[in-house]
Amino acid sequence: PVGSMINGRRNPVPIDLTAGRTHRIRFISIGAVALKRVRLLEGDAVLQWIPVAKDGAEYTSAQRVRRSAEQVLAPGETMDVLV
């Protein structure tokens, strides 16, 4: 079975983000069957993000609410967040 990959790698290199700058990250679940749980962590602590789009549709400003940085994605789902 094929495991999860990030940017095409099973053992991804760290992604450098600039402090004080907003970054948009897109999660894509392309597996055929399995649910994928994604989380943004600092050590053991779950950080926060702002969801901004789901399956290609942008959220309204009222839907863009800061929340815990964890989500379960079903096959074929995409999600964009701001961190």
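The values are calculated or read from the model by the stated rules, or taken from the named source; none is laboratory data. Note that the coordinates shown come from a computational prediction; the quantities given were computed from them, not determined experimentally. Note that we place each Cβ from the backbone using ideal geometry, even for glycine, and neighbour counts take in every protein chain shown. Only protein heavy atoms, including side chains, enter the accessible area calculation; ligands, DNA and RNA are left aside. Shrake-Rupley method; radii C 1.70, N 1.55, O 1.52, S 1.80 Å.
I'd like to check something: does the stretch 41-52 contain any residue that is over 14 Å from the mean Cα position of the chain (by Cα), assigned to a loop (DSSP other than H, G, I, E, B), surrounded by 10 or more Cβ atoms within 10 Å (Cβ to Cβ) and on the phi < 0 side of the Ramachandran plot? Scanning the stretch 41-52 turns up no residue that is over 14 Å from the mean Cα position of the chain (by Cα), assigned to a loop (DSSP other than H, G, I, E, B), surrounded by 10 or more Cβ atoms within 10 Å (Cβ to Cβ) and on the phi < 0 side of the Ramachandran plot.
I need the full set of residues from the stretch 65-83 which are over 13 Å from Arg24 (Cα atoms) and either open to solvent by 80 Å² or more (accessible area, probe 1.4 Å) or of a type in the set (D, E, K, R) (or both), in order please. Within the stretch 65-83, Val65, Arg66, Arg67, Glu70, Glu77 meet the criteria. Taking every residue in the stretch 6-32 that is more than 18 Å from Met79 (Cα to Cα) and in contact (Cβ under 8 Å) with a residue 40 or more places away in the chain and pairing it with any residue that is of a type outside the set (Gly, Ala, Ser) and open to solvent by less than 90 Å² (accessible area, probe 1.4 Å), at least 6 positions away or on another chain, the pairs with Cβ-Cβ distances below 8 Å are Leu17/His23; Leu17/Val83. The C-beta contact set for the stretch 63-83 (first residue within 20 Å of Ala45 (Cα to Cα) and among the hydroxyl-bearing types (Ser, Thr, Tyr), second residue open to solvent by 80 Å² or more (accessible area, probe 1.4 Å) and assigned to a strand (DSSP E or B), distance under 7 angstrom, 6+ apart or interchain) comprises Ser68/Gln48.
Of Ala19, Ala62, all but one fail to be assigned to a loop (DSSP other than H, G, I, E, B) and open to solvent by 60 Å² or more (accessible area, probe 1.4 Å); the exception is Ala19. Across the stretch 25-35, the number of residues qualifying as open to solvent by 60 Å² or more (accessible area, probe 1.4 Å) and either assigned to a strand (DSSP E or B) or in contact with a strand residue (DSSP E or B) (Cβ under 8 Å, 6 or more places away or on another chain) (or both) comes to 3.
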